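These notes concern the structure reproduced below.
The values are calculated or read from the model by the stated rules, or taken from the named source; none is laboratory data. It should be emphasised that the depicted structure is a prediction, and the values quoted were computed from it without experimental measurement. With ideal geometry, Cβ positions are generated from the backbone for all residues, glycine too; neighbour counts draw on all protein chains shown. Keep in mind that these areas ignore ligands, DNA and RNA; they rest on the heavy atoms of the full protein, side chains included. Shrake-Rupley method; radii C 1.70, N 1.55, O 1.52, S 1.80 Å.
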Amino acid sequence: MSSRKEKKSENTKAKSKQPSAFSSIGSLVFIVVLVFAFKSSILDANNIPSGSMIPTLKIGDFLFVNKMRYSIRMPFTEKEIFRIDNPKRGDIITFIPPATALSEDEAKLGMFSKRFVKRVVGMPGDTIRITKKTLDTTKGKVDLSFIEYKESGATEFQNYKPTEISRENELNDLDNPEASKRALFLEEKNGFKHFTLEGYDDDRKFHVMEYCDFRNGCTIPPDRYMVVGDNRDDSHDSRAWGFVSREDILGKALIIYFSIDWKDNVCMYKNESEIAEKGTELTEKYEGADLLKKCHPYEISPYGFRNREESKSDWVLRTLQYRIWRMSIRWKRIGRILQ
């Protein structure tokens, strides 16, 4: 009898030690909340969907963003609790774009709208002036956006000393054939150098914007920053829609932790790495049935996805049918510290 009672008591103890379904669910929820709180206020992960920062950031790059570099923010919101520091000249930042930079539908999303990644080229109190200089480069005639700044209290304008350099391998696997037509430069900021791209096809009339006369120079207001993309002819930035408020700056880009070349825009070329050297006109393309095996119809259409919004289901189908099979990983970019 005693042995039976002992077994019952042991079974009862074993059952009591087993976690209940509710406690397991509660633990899972707690972990999920903790992860998202960490992501929203400490270290965020972003991917690059456009070519505005080529070649510093390429389409398909995944990067970590230090969200505690400048401010402490309330988890799950963008509300600033405590300000640690301010961006420096040349920093690559993520920020909430002003309403003037968004479409009507994007502006309605408020805090859930897209986040931008650009480089700081103008500080509060700077007088900014932009002039065009036509240069003879290895890619032919190039309209250089010559950005000049005069710090508060200074009497002379300075510039970022753009110098053309060899294209080497930086312009391979861009997933952006237009960028291959541009010349590669180095600019200096705060003791480091970074790449910029310049071409001859910049048709934006940034110098006539009402908020700032860049031809003659204008002063950046307090707590505002001027940001531009490193791909100067293909960047929707402060030259078009204005300066960024300090409270809308969320973090500093830290490191590329993964990079995928999806080949969405170069899938029709047999060897996309040749585009940088030969140009789109001389690079051999797929045709007919071979082309339809490599590219989604909307990727080779003259209008692409520009005339319609791609739904999530369409994106999934396109990725499963085309993108996964043609993608490649840019191993050499993984672990690159961003400046």
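Laid out as a table, the results:
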| read-out | value |
| --- | --- |
| Shape call, region 174-296: gyration tensor on alpha carbons, a/c limit 1.5 | prolate |
| Candidate residues T56, T100: accessible-area rank, largest first, probe 1.4 Å | T100, T56 |
| Most to least accessible of D61, D44 (protein chains only, probe 1.4 Å) | D44, D61 |
| Pair F146, N190: separation of 7 Å Cα→Cβ label points (nm) | 2.6 nm |
| In order through region 289-295: 3J(HN,Hα) via Karplus (6.51 cos²θ - 1.76 cosθ + 1.60), integer Hz, x for Gly, Pro | 4, 5, 5, 5, 6, 9, 10 |
| Percentage of interatomic Cα-Cα distances in region 45-175 larger than 26 Å | 40 percent |
| Selection from Y257, M268, T280 lying farthest towards where the dipole of region 244-290 points positive, charges on Cβ | Y257 |
| Protein-only accessible surface order, largest first, of T155, T77 at 1.4 Å | T155, T77 |
| Long pairs among K278/K332; K58/K293; K133/K278; K139/K263, criterion Cα-Cα beyond 29 Å | none |
| Dipole moment magnitude, nearest 20 debye, region 216-274 about Cα centre, only Lys, Arg, Asp, Glu C-beta charged | 180 debye |
| Accessible surface, per residue, of region 135-246 when the full set of protein chains is kept, probe 1.4 Å, Å² | 46 Å² |
